[in-house]
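The values are calculated or read from the model by the stated rules, or taken from the named source; none is laboratory data. The model shown is predicted, which means the values in this text are computed figures rather than measured ones. Every residue, glycine among them, receives a Cβ derived from its backbone with ideal geometry; neighbour counts consider all protein chains shown. Accessible surface areas use protein heavy atoms only, side chains included; no ligands, DNA or RNA. Shrake-Rupley method; radii C 1.70, N 1.55, O 1.52, S 1.80 Å.
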Amino acid sequence: MKADLLSPAVARYVYEHSTKPDPLLERLTRETSVVAGDDAGMQISPDQGTFLTMITQIMAPQVAVEVGTFTGYSSICIARGLRGGRLHCFDVSEEWTSIARRYWAEAEVADRVTLTLGPALDTLAGFDQTVDLAFVDADKGNYPGYYELLIERMRPGGLLIADNTLRRGHVADPSRDEPTTVEIRRFNDLVIQDPRVSVLMLPVADGMTLVTKH
């Protein structure tokens, strides 16, 4: 689990009292760890996966969007929660998403997923559907751009979820000035000042911010 904000004992307790990933997701985690090395940390944690499936079931979106697919863990979790809707994934990497495609097929959700490759600021600009649910977990410097493109297309009452918004707690430490921390602070400030939305930041994993459009 990505639980830097919790004590090890509390993190273990949370893990033990949450629904575990199934064998397919566990195999995907292991494969990602092997092939991606240090980049494997870009994959969401099991508790986040369970959360995404639950929130998708609750929202019952017809149009869901994911920006940043990597090897497919989060997209499988979202797709499994769909009830007749479709998930549109935006990513730049053919290499990583080729793994996602393989696991989508094995998870029997490939018929619910559309993948678009290319810089998401460009490909989202051409996306002309009304969005019900969005999950953003891509390059942090472009979070403000992704946010604006998605909020413009989101229905009233729609939900946007942004990952990594606490950066291991570094955003609350003025002495931390790493580029990614600065970028996330800028995004967090942008969102909380936006009169079009309501915001809830959750200390789940590395921070998940929930944004609902008025």
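Numbers for the structure displayed
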{"read-out": "Ranked by how many other beta carbons lie within 10 Å on average, peptides 130-138, 148-156, 176-184 from highest", "value": "130-138, 148-156, 176-184"}
{"read-out": "Computed E for residue 172/residue 10 - FRET, C-beta separation, R0 22 angstrom, nearest 0.05", "value": "0.75"}
{"read-out": "Filtered trypsin sites (Lys or Arg not before Pro), the stretch 36-102: DSSP coil and at most 15 other beta carbons within 10 Å", "value": "83"}
{"read-out": "Equivalent ellipsoid, the stretch 44-110 (semi-axes from 5 times Cα gyration tensor eigenvalues, Å)", "value": "18, 12, 11"}
{"read-out": "Cα centroid of the stretch 114-137 to Cα centroid of the stretch 35-87, whole Å", "value": "14 Å"}
{"read-out": "With every protein chain in place, the stretch 95-204: carbon and sulfur % of accessible area (1.4 Å)", "value": "52 percent"}
{"read-out": "The chain - share of DSSP beta bridges that are antiparallel (%, nearest 5)", "value": "35 percent"}
{"read-out": "GluC sites (Glu not before Pro) within the stretch 61-145, DSSP loop, no more than 13 other Cβ atoms inside 10 Å", "value": "108"}
{"read-out": "Solvent exposure of the chain as accessible area per residue, Å², 1.4 Å probe", "value": "46 Å²"}
{"read-out": "Kirkwood Rh, angstrom, the chain [1 / mean 1/r, Cα pairs]", "value": "17.4 Å"}
{"read-out": "Per-q log10 I(q)/I(0), the stretch 1-120, q = 0.11, 0.17 Å⁻¹ (Debye; single scatterer per alpha-carbon; no solvent)", "value": "-0.36, -0.85"}
{"read-out": "Residue-averaged [θ]222 nm for the chain, counting only DSSP H segments that reach four residues, each worth -39500 (n - 2.57)", "value": "-13000 deg cm²/dmol"}
{"read-out": "Measure of compaction for the stretch 127-204 (Cα Rg per 2.2 N^0.38 Å)", "value": "1.12"}
